[in-house]
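> Provided herewith is a single structure, encoded as structure tokens, for subsequent inquiry.
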Amino acid sequence: MKRLVLAGLAVTVATAGAAPVLAADLPQSPAPAFEAVPAQQQTIDWTGLYVGGNLGWAFGNFDNRVGGTDIDTDTNGVAGGLYTGYNFQVTPNVVLGAEADFTLSDLEDTKSAGGQTITSKSDWNSNIRARIGYSFDRYLVYGAGGLALADLEVSGNGDSDSKTAVGWTLGVGGEALVTNNVTARLDYAYQDFGDQDFNLNGTGVTSDFSNQLVRFGVGYKF
């Protein structure tokens, strides 16, 4: 009986000693590899030509002076038009560009003071602006500034006089790529045209015109 027990112990010890050797001979599965997650990169390039249309509201201010009488007029109305421009993405985030727009407006009002009645009117305006923006992939915020043009007309004393005024403009906006080609934007522009002189049947009128535009636009990027 003792011999059987000893024999059993010997077999157990021998099996235990051989187990590591047998395990070493078995094929080993490679350790799983984990790849580092790359940092998010810009996937949209804003470079290229674009065109679009916008619709919004204009807030015009005419500071009129007839002799020593001030006849100031504030008016507002619908504004809508077209725009086109070109962007160049100089770094992954910085976008430079140039843009021109033409807007039809509905600005007209009549005021009386000091025995004088003056009607002030502007039918259209235009901006030619340089733009600088910062992009967050599909989103772009920008500032813009440059040259402004507007049609101005003053009526009174049985006469009217008009001219194309030249001034300056500054503005800001935000734009998003709805698809890789279709864009949507919200834009604000301030225009200042300074003093403009008019003659109404020999009566001199000076009008200092400024305008603010808030517009929503939809464009196509080529």
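> Could you grab the relative contact order for segment 48-221? Cα pairs under 8 Å, six or more apart, rounded to a whole percent.
23 percent
> Okay, moving on. Quick one: W46, W168, fewest Cβ neighbours within 10 Å first, how do they rank?
If I rank by nearby Cβ atoms, fewest first, I get W168, W46.
> Using packing as a proxy for protection, rank 176-184, 99-107 so that the peptide with the highest average count of other Cβ atoms within 10 Å comes first.
Per-residue Cβ counts within 10 Å, averaged per peptide and sorted highest first, yield 99-107, 176-184.
> Per residue, how much space in cubic angstrom lies within the convex hull of the C-alpha atoms of segment 48-221?
Spread over its residues, the Cα hull of segment 48-221 gives 86 Å³ apiece.
> Shifting gears a bit: Would you give the gap between the C-alpha center of segment 157-222 and the C-alpha center of segment 92-141, rounded to a whole Å?
So the two Cα centres are separated by 3 Å.
Since every read-out is calculated from the coordinates, none of them should be taken as a lab result. What you see is a predicted model; the values in this text were computed from it and never measured. FYI the Cβ positions are ideal-geometry reconstructions off the backbone, even for glycines, and counts take in every protein chain you see.
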